Structures are given as structure tokens and as C-alpha cells.
Amino acid sequence: MSEDKATFEAPSNIALIKYWGVLDAALCLPRNTSISMTLDRCVTTCTAEPIDAASDEIWLAGANGLVPPTPGFAEPMVRHLDQLRRELGVRSKLRIATRNNFPSAAGLASSASGFAALTLSAASALGRGLSPREASLLARRSGSGSACRSVLGGYVEWAAGSDEESYARPLAPAGHWDLRDVIAVVETGPKAISSRDGHALASTSPYFERRQELLPDRLARVRTALAERDFPTLGATIEEEAIDLHLIAMSSQPAIFYWSPGTLEILRAVRELRREGLPAYSTMDAGANVHVLCEPAAEGALVERLESLGSVGFVIRDGVGTGPERLTEHLI
Ligand code: DP6
């Protein structure tokens, strides 16, 4: 076994204030600051080991052992490895095995956890320990910008700014507030329009500049609600923000519709639950699935209601998590 073999598990994250729109697509510099909650159970595990070869080897680790990914899956990973080697001043090629424990490419930020886990395991296998800032900067440059938030646990803010300034910083540790995220899955296939294309089109929406004007106040409300553990304010603000993201997508030219009929069924059910006195609020990333946030006391009843909806295939019970972990068991 290679001594440089490294395995990391990195979680997905759910954006409370969304990254939508880029200043610089190549560097993944966001148009606006975003805030997220790192998840606990939806994770990518990635093993990296140096190999004496002319090119990297990428494998998907599944129930049936290692299988080669499609070229479309492997290419961005190899591009990211090339960039990491340039940044870290090393040459060695790597054998990579990666595994998600949740549906890939379904708006569940699989690329965020994937590129966070790849950044941490590859850097370690290449003999470089990374500070949290370096890890976040490098993960951001993967092309999946939200990966920069998945290198930290708890509640996280990713600042818009220059290449050296735009990285994720901790807002509060996971232990600050035990929030749950019940993910109602209505679609497991890959989304029709990638986030990358969505970011590129965002500024074609006639409402995009108005969104930028509204964001500073919305960001401040989320920061304060997190600090004060004020769930009604947090919930109302993140629901407003999620609708805003999809409004921008739907009014981009050409228009992008990430929602399915099931998305609307869930949004309606969550509003009904609130009228019945159960505090829960919805948010969606660039996909049809809905993340419903609640405090622990509401989780059981929320899961029951979501599971009863005809359009919900299954629910994933997740919540705030403590961030990436180095594992001693490897995938290869
Ligand atoms: C709507 O470019 O980070 O989820 O590469 O698909 O992970 P992926 O997306 P990325 O954009 C994320 C967009 C978003 C909002 C967010 O996570 O902030």
C-alpha cells in the first residue's frame, strides 16, 4: 500500500443564500456572497494515490467494485487534478476512486461534495497539507464553486471577491444549532441544464440586477437569524431566496425550468404544514428536489407528511454536519 494514499469524506451542502451568476467563469468567482449549511449524511468518499503513469486513472467505487466513469464525468476531475498539480508544484499522476452515497447530479450538490473530497484527498496524496483557506480556494477553482463551502462544517459564508479573497469562512460550528434538512426527492436523474450554464445565463434575466440590490439585506437577515437561532426569520428568508433563484432561472433567456410538478406539490404541503403549526421551510438548489429545513422537534411529522405525497420518491433525512473527515479505510 502506498504511504501517500489518502481518503477523505466530504459532505454536500445546502445553500441558504444561493450562488447564482459568475463574474469570472474560469476562476469560478461568484457575482454574490452565499451562505450554506454543511450536511452530515450526504457525502462523497474519495481515495487518491500517486501512480507511475502518463495519465490519471479515475474510478467510480460502487457495490460491484470499481467501474470506469463516463468521459463527461472524468474530464472535469482530470482538469481539476491538472490545476492542483500546477498550484502545488508537483507532477505525479493519481489513481482516484470516488463514491457518492446519494443520487448524483440531482440538485443535491453532488459536485460540491465530490470536488471537495477530490481536492482534499488529491492534495494529501501529492504530499501537501492544505489550510482551510487553501482548501477552499482550490476547491472553488474546480469549476463547481459551491465545493469551496463543503471543505468546512457547520454554517459557512463564501465571500464574493477577487481570486485570493473568494473562499469560504466559518460562520458558526454545527453544534451552534441542530437544524435538520429533510430532502424530498422527486427526480434522481441528472438535471437538463447544468449550474454552469445557469450561472452563465443568470445576468440575462431582467430581474438579476434587482436581485443584487436585495441580497445585502437578505444576507444580513440570514447571518443574524443564524446567530440568534431565530428559525421563523431564517426560514422565511431562505424560502424567499430560493424562489428568487428560480425566478431568475425562469426569466433567463432562454428560460430554465428546474422545477417539476412534484416541486410545487412539496412547496404547497410545506406551506400547509406551517398553517397547521409545524415550523418548516423549503429551499431548492438548481434542481427539482426540495430541501425542507426544520428543528429537531418537527422532523418526525415533517418526514411523515413528505413521504405521503404522491410525487415524492423518497426522503433523505439529513442535518447540519461537522465537515470533511480523513478516513483510514480506503476505496482502493
Ligand atoms: C443553485 O456551480 O457550484 O446550487 O457544480 O452543480 O455543484 P454544481 O454547482 P455550482 O452552483 C451551485 C448553484 C446552486 C446554489 C448554491 O449552491 O449556492
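The values are calculated or read from the model by the stated rules, or taken from the named source; none is laboratory data. On a predicted model such as this, the values are computed, not experimentally measured, just so you know. No Cβ is skipped: glycine too gets one built from the backbone with ideal geometry, and neighbour counts run over all protein chains shown. We work out accessible area using only protein heavy atoms, side chains counted, and drop any ligands, DNA or RNA first. Shrake-Rupley method; radii C 1.70, N 1.55, O 1.52, S 1.80 Å.
Which numbered condition trips up Ser166, out of (1) open to solvent by 20 Å² or more (accessible area, probe 1.4 Å); (2) within 14 Å of the ligand (Cβ to nearest atom); (3) closer than 16 Å to Gln83 by Cβ; (4) modelled with pLDDT of 95 or more?
It fails just one condition, (1).
Could you please find all residues in the stretch 6-29 being touching a Lys or Arg at 6+ places or on another chain (Cβ under 7 Å) and under 19 Å from Arg141 (Cβ atoms)?
Answer for the stretch 6-29, where residues must be touching a Lys or Arg at 6+ places or on another chain (Cβ under 7 Å) and under 19 Å from Arg141 (Cβ atoms): Phe8, Asn13, Gly21, Val22, Leu23, Leu27, Cys28.
Would it be correct to say that Phe115 is at pLDDT below 95, open to solvent by less than 30 Å² (accessible area, probe 1.4 Å) and under 27 Å from Ala174 (Cβ atoms)?
Here the answer is no, as Phe115 does not meet what is asked.
Under 16 Å from the mean Cα position of the chain (by Cα), over 24 Å from Gly161 (Cα atoms) and either within 16 Å of the ligand (Cβ to nearest atom) or at pLDDT 95 or above (or both), is that true of Glu49?
Taking the combined requirement at face value, the residue does not satisfy it.
I want to confirm something. Restricting to the stretch 145-163 and keeping residues that are touching a helix residue (DSSP H, G or I) at 6+ places or on another chain (Cβ under 6 Å), open to solvent by less than 10 Å² (accessible area, probe 1.4 Å) and not in a strand (DSSP E or B), which single residue is farthest from the ligand (Cβ to nearest atom)?
Ranking the qualifying residues of the stretch 145-163, first place goes to Gly154.
Within the stretch 25-60, work out how many residues are open to solvent by less than 30 Å² (accessible area, probe 1.4 Å) and in contact with a Ser or Thr (Cβ under 8 Å, 6 or more places away or on another chain).
Total satisfying the criteria: 17.
Give the residue that is farthest from the ligand (Cβ to nearest atom), with candidates limited to residues of the stretch 17-46 that are polar (S, T, N, Q) and not in a loop (DSSP other than H, G, I, E, B).
Among residues in the stretch 17-46 that are polar (S, T, N, Q) and not in a loop (DSSP other than H, G, I, E, B), the one farthest from the ligand (Cβ to nearest atom) is Thr45.
For the stretch 245-271, name all the residues that are within 17 Å of Pro206 (Cα to Cα), open to solvent by 20 Å² or more (accessible area, probe 1.4 Å) and not hydroxyl-bearing (Ser, Thr, Tyr).
Leu247, Met250, Gln253, Pro254, Ala255, Phe257
Being closer than 24 Å to Met284 by Cβ, under 13 Å from the mean Cα position of the chain (by Cα) and surrounded by fewer than 22 Cβ atoms within 10 Å (Cβ to Cβ) narrows it down to one of Phe208, Phe102, so name that one.
None of the others qualify; the one that does is Phe102.
Picking from Ile96, Ile58, Ile14, which residue would you name as being within 16 Å of the ligand (Cβ to nearest atom) and either closer than 29 Å to Gly262 by Cα or in a strand (DSSP E or B) (or both)?
Ile14
Within the stretch 275-293, can you find the residues that are under 17 Å from Glu241 (Cβ atoms), out of contact with any Cys (no Cβ under 9 Å at 6 or more places or on another chain) and not acidic (Asp, Glu)?
Result: Ser282, Thr283, Met284, Ala286, Gly287, Asn289, Val290, His291, Val292, Leu293.
Looking at (1) free of Cβ contacts under 8 Å to residues at least 60 places away in the same chain; (2) open to solvent by 10 Å² or more (accessible area, probe 1.4 Å); (3) within 16 Å of Leu264 (Cβ to Cβ), which is the only condition Ser282 fails?
So Ser282 meets the others, but not (2).
How many residues does the stretch 61-85 hold that are within 14 Å of the ligand (Cβ to nearest atom), modelled with pLDDT of 95 or more and open to solvent by 10 Å² or more (accessible area, probe 1.4 Å)?
Counting residues in the stretch 61-85 that are within 14 Å of the ligand (Cβ to nearest atom), modelled with pLDDT of 95 or more and open to solvent by 10 Å² or more (accessible area, probe 1.4 Å) gives 4.
Could you please find all residues in the stretch 296-311 being in contact with a helix residue (DSSP H, G or I) (Cβ under 8 Å, 6 or more places away or on another chain) and under 15 Å from Asp181 (Cβ atoms)?
The answer is Leu302, Leu306.
If I filter the stretch 124-144 down to residues being assigned to a helix (DSSP H, G or I) and either of a type in the set (Asp, Glu) or open to solvent by 20 Å² or more (accessible area, probe 1.4 Å) (or both), which single residue comes out as farthest from the ligand (Cβ to nearest atom)?
Going through the qualifying residues, I end up with Ser124.
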